[in-house]
Amino acid sequence: MTDPVILLVSGEHLDVLADQFRRYAHEYDVRAAASAAEAHAELVAAAERGAPVALVVTDSQLPDQHVLVAMHEWRTLVPTARRVVAIPIARFADESISLRPYLQKGKFDTYLVLPQARRDEEFHYAITELLSDWGATVATSEIDSVRIITPEPGPLALAIRDFLDRQGMPHRTYPPESPQGQEALALVTGPPAYPLVHLAARPFADRPVLRPSSTRELAAMIYGRPSDIEVDTVVDLAVVGAGPAGLAAAVYGASEGLSTVVIESEVIGGQAGTSSMIRNYLGFPRGISGMRLGQRARVQAIRFGARFFTGWPVDELRPGTDGEPHTLVTSGGSVRARSVLVASGVAYRRLGVPALEELVGAGVNYGAAMAAAREMEDRDVYVVGGGNSAGQAAIHLARFARSVTILIRREELAATMSRYLIDEIEWNPRVSVRPCTEIVDGGATDGQLGWLLLRDVRTGAEEKVEAGGLFLLIGAAPHCDWLADAVLRDEHGFVLTGRDVPTECWIDGLPPANLATCVPGVFAAGDIRSGSMKRVASASGEGASAVSLVHGYLEDLRVLPAP
């Protein structure tokens, strides 16, 4: 496999950059260019020989072209490459200010101070973060700790790839006739049912081959069953959902000594885990992907003793009475808990166009579908939705697709999307916004999505357009059909907490605590909660805050007189 290219561009400080990037030469093809014209030639040559470009690092001043003009040209040539401006310390105060508006609009990924000496680890920490992000969202993994064996990438294989991407599990796909495919087939009894999943680690011949019929089944096979918890065990806190709210609760609950179990129906990270890059989360100045945020939080919670069970949707909550434990019922076993945090989040609403529902996994995707994004090269892609998730998906897809069109029913994005994303969209030549538009029909070409029928909601005029991909990120449908009737919800199905709980459920004229439901010991946080902010940071904050309420509830349980 051809080594990815790191291109260094500078007229005056090329020797400094070359010396700093010597440490990457073992695994990357580090190239140098003394001008924008030389850089352009290097990128064209890389494309001609099929070498991926991972990173372009340029001096803030070039001898033959303004750096922003050069960046624009380079992005056209290698849209998936990460882009860094290195500013000499003498110019940093002025140029960081002049370049900042273009950083905010996504013209490049970050600017850094040009290293002044050896072992500038702050500089290299930023570089390795960007390379890690590039490798996770773009490149085919060279590590195959999980192998997917399939003759063709059908919907289930694509869903499994997306699941593994979101779990942070390096994987590769192989056809059955390949050596890797033959190795897996030798361990299968009877006729194979594709896709097969061959788990880590070497030697692969000693590892099982799984034949999952869904991603949930695969998650359950990998992570175990809730019945693994001893029957007589009652945990302090059971968290339903491993999105930002549930993960924050797991970290804070376990770190403060509560026995904590997290039950997730699909993938760690929840809906936020599909985001290619979250740029406004506190503490990550260069942004962080939803997958990495979710996996870091999971590892953090496990370190403190939390247990996770993935792939098990909760079928029923049976509230305890008079201080008795609550019971969460799944098809893989039940969990008894003194307190429960409902953090099951929301799902994207269905579009409701039958012809397109039949093409889910064949060009039509609910959510950002990171694995599917790589399949969109040179296609015209449509994103439906006006929230931050839709904006992040559109920007990520623009690294691959020929064009990305965001469809919204409103007049503009300002009411539903963060300003920084709107700015990036406005400055990205591959992304456009089509307001006041809805999809009314669509169809396939050769088994894949081929066209869409769009309607102007103001005039009723319809237009048929070619479409190679459709990503649906519309609205929010709550995940709480499994809740007992005693846990009250609003007219849209979101869980009521605090002062929103009807007054007949108040005790001594006082409402429940802010994140508490009308059932003692049952709390709610994140997107599932009525009136929540629907942002990653607010969900994390609610999950952490809920733990203090859990402590108070458990303390009250301890002082109750025995029945």
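Values quoted throughout were computed directly from the atomic coordinates according to the rules given, and no laboratory measurement underlies them. Please read all numbers here as calculations on a predicted model, not as lab measurements. Virtual Cβ from ideal backbone geometry, glycine too; neighbours counted across all protein chains shown.
Figures for the structure shown
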| read-out | value |
| --- | --- |
| Cα-based Kirkwood hydrodynamic radius, the stretch 5-137, one decimal, Å | 14.7 |
| E438/R402 FRET efficiency (R0 22 Å; Cβ-Cβ; nearest 0.05) | 0.45 |
| Computed P(r) (all Cα pairs; the stretch 61-119; 10 Å bins; percent) | 21, 53, 24, 2 |
| Distance histogram for the chain (every C-alpha pair counted, 10 angstrom bins, percent rounded to whole numbers) | 3, 16, 24, 25, 19, 10, 3, 0, 0 |
| Cys with no candidate disulfide partner in the chain (beta-carbon separation under 4.7 Å rule) | C436, C480 |
| Neighbour-limited loop hits for GluC sites (Glu not before Pro), the stretch 223-321 (at most 13 other Cβ within 10 Å; DSSP other than H, G, I, E, B) | E230 |
| DSSP-defined beta bridges in the stretch 354-472 - what % are antiparallel, rounded to 5 | 45 |
| Exposure proxy ranking, count of Cβ atoms within 10 Å, fewest first, for M169, M370 | M169, M370 |
| Equivalent-ellipsoid semi-axes of the stretch 146-213, from the Cα gyration tensor, Å, largest first | 17, 14, 10 |
| Square roots of five times the Cα gyration tensor eigenvalues for the stretch 354-472, Å | 21, 18, 12 |
| Point-charge dipole on Cβ atoms (K/R +1, D/E -1) for the chain, about Cα centre, debye to 20 | 380 |
| Whole-number percent relative contact order across the stretch 354-472, with pairs defined as alpha carbons under 8 Å at least 6 apart | 31 |
| Antiparallel DSSP beta bridges within the chain, percent to nearest 5 | 35 |
| Per-q log10 I(q)/I(0), the stretch 70-188, q = 0.11 Å⁻¹ (Debye; single scatterer per alpha-carbon; no solvent) | -0.58 |
